[in-house]
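Visitor: Have a look at this one.
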Amino acid sequence: MDIFRNLAEINLDVLKEVGNIGAGHAATALSRLVDKPIDMGVPAVRMLAFDEIADQVGGSEQVVIATFLRVEGDAPGNLFFIMKPHAAKRLLRYLAGLQVGSEDEYSEMELSALSEIGNILAGSYLSSLADFTGLFMTPTVPALAIDMAGAILSFGLLQFGQMGDGALLIDTTFLEGDEEVEGQFFLIPDPPSFAKIFRALGVPYE
Amino acid sequence: MIEDLQVVKVGMADLNVVQGSGIIRTTGLGSCVGLTLYDPAAHIVGMAHVMLPSSETAREGQLNLMKYADTAIPMLLEKIDRLGGIRRRLVAKMAGGAQMFAFNSMSDTMRIGPRNVENCKEMLKQFSIPLLAEDTGGNYGRTVEMNCQTGILHIRSVQIGVKEI
């Protein structure tokens, strides 16, 4: 994984901007959906060991609601939108007309709504990213899972698994007014995609 | 239950052994496989958290032997040997190898869970270690632990609850 050890400051800044643009558009979409202001944390770009990645959302066994989509095209990778159960329920409550049950039960209707939220957010993240870079990126149909963070996120690490014991992650957090975390975007580009992203944005690399 | 038991944690692409009294566990298995080898007489448990089926696909410079089914199992056996475990007494159990997300366009990387399970079984056959029980497949995550006094594999999942094999 040496290629990532000596990324220049400018490369990291570019990746942060990638997270910023993608999540910024998604935050606007979410804000319209729930009719509340949604803020964003400063994107973090980190090279993390596999075990540390699940720690970013509360540990390997933390139950999360995740929308996953595989990005195909010029710069393939994996995109996750992750919510904790209480945040997901709060989001559902904001959406008009939904009777929300307890945190460990999800009705057909709630699952369908969560799936659609994930769909909209991930779609807007990706399309703004494609516009920004001018790269051709196409999403697979997003899949929703409610399960342990470790089990879900490890699925996005397989491409990195053949190359080393860590992955480079672009992490952007959504916050609601009182600083409560609403959700988190993880973009994990496949290792060969970094060079393509840098080249597309005219940034020197290697 | 005795509360003060030593708990050995096994991370992703990691392996370890525990002997005498104690628990060994690994959390959040998705497509990864949690494989245990148990010597009931010496009360030794070895556990590996296998991430990928074969080291042949590796493109990393320094190979992490604990990550691949074909390299982790021999390494685990060596560790058990060193503690005084006897190979012909060993019995295996495994859990995990789920398919967390299903897509129509299934490339081979997407089928990683079932392939992890297949390759682990292949390795067990090579070393003539019987597979006593397994809880593999499905589309959900698992946390597994084994107490080296009993050799029972406890499997916890969000959707199914607790199971023992």
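The values are calculated or read from the model by the stated rules, or taken from the named source; none is laboratory data. Owing to the predicted nature of the structure, the values given are computational and were not obtained by experimental measurement. As a convention, Cβ positions derive from the backbone with ideal geometry for all residues, glycine included, and neighbour counts pool all protein chains shown. Accessible surface areas use protein heavy atoms only, side chains included; no ligands, DNA or RNA. Shrake-Rupley method; radii C 1.70, N 1.55, O 1.52, S 1.80 Å.
Visitor: For the stretch A:2-200, what % of the accessible area comes from carbon and sulfur atoms, probe 1.4 Å?
Guide: On the way: 3950 of 7800 Å².
Taking all protein chains in place, the stretch A:2-200 shows 51 percent carbon and sulfur surface.
Visitor: Report Rg(Cα)/(2.2 N^0.38 Å) for the stretch B:60-165, keeping two decimals.
Guide: 1.18
Visitor: Give me the Debye-computed log₁₀ of I(q)/I(0) at q = 0.06, 0.12 Å⁻¹ for the protein assembly as shown, equal point scatterers on Cα only, no solvent, two decimals.
Guide: The Cα Debye sum returns log10 ratios of -0.24, -0.89.
Visitor: Average the reciprocal distances over every distinct pair of alpha-carbons in the stretch A:2-200, invert the result, and give the Kirkwood radius in Å.
Guide: 16.9 Å
Visitor: Tell me the relative contact order for chain A as a rounded percent, counting alpha carbon contacts under 8 Å between residues six or more apart.
Guide: 35 percent
Visitor: Hey, rough spin-label estimate for B:Arg59 and A:Leu111, points 7 angstrom out along Cα→Cβ, what's it come to in nanometres?
Guide: Spacing of the two 7 Å Cα→Cβ label points: 3.6 nm.
Visitor: Can you give the calculated 222 nm mean residue ellipticity of chain B, where each DSSP H run of n ≥ 4 adds -39,500 (n - 2.57) and the sum is split over every residue, rounded to the nearest 500 deg cm²/dmol?
Guide: -6000 deg cm²/dmol
Visitor: Pick from A:Leu69, A:Leu187, A:Leu111: which residue has the top mean-square fluctuation in a GNM of chain A where Cα pairs under 10 Å get a spring?
Guide: Comparing A:Leu69, A:Leu187, A:Leu111 in the GNM, the peak value goes to A:Leu111.
Visitor: Identify the residues of the stretch B:32-75 with backbone N under 16 Å of a label point that sits 7 angstrom from the Cα of B:Arg89 along the Cα-to-Cβ direction, or state none.
Guide: The answer is B:37-46, whose backbone nitrogens lie closer than 16 Å to the label point.
Visitor: Relative to the longest principal axis of the C-alpha atoms of chain A, give the angle of the C-alpha long axis of helix A:9-34, reported between 0 and 90° and rounded to the nearest 10°.
Guide: So the inclination is approximately 20 degrees.
Visitor: What lysines sit close enough to B:Lys93 to cross-link, taking a C-alpha to C-alpha distance under 21 Å and skipping anything fewer than 8 places away on the same chain?
Guide: Within the straight-line cut-off, B:Lys93 pairs with B:Lys9, B:Lys67, B:Lys79, B:Lys121, B:Lys125, B:Lys163.
Visitor: Just to be sure I understand the interface: list residues from the stretch A:59-77 that lose 20 Å² or more of accessible area between the chain on its own and the complete protein assembly, 1.4 Å probe.
Guide: A:Ser60, A:Glu61, A:Val63, A:Phe68, A:Arg70
Visitor: While we're looking at this one, here's another question. Cα axis of helix A:108-133 to longest principal axis of chain A: angle in degrees, 0 to 90, nearest 10?
Guide: Between helix and principal axis, roughly 30 degrees.
Visitor: Also, quick follow-up: To the nearest hundred square angstrom, how large is the accessible surface buried between A and B, total for both chains, probe 1.4 angstrom?
Guide: 2600 Å²
Visitor: Once both axes come from the Cα atoms, what is the angle between helix B:112-126 and the longest principal axis of chain B, in degrees from 0 to 90, rounded to 10?
Guide: Value to nearest ten degrees: 50.
Visitor: Still on this structure, please answer the following. How many Å³ per residue does the convex hull of the Cα positions in the stretch A:96-206 occupy?
Guide: Roughly 160 Å³ of hull volume per residue.
Visitor: Can I ask one more? List nothing, just return the count: lysine pairs in chain A, 8 or more apart or interchain, with Cα separation under 28 Å.
Guide: 5
Visitor: Mind telling me which of B:Leu77, B:Leu29, B:Leu132 comes out most flexible in a GNM of chain B, alpha-carbon contacts under 10 Å?
Guide: Result: B:Leu132 has the largest fluctuation of those listed.
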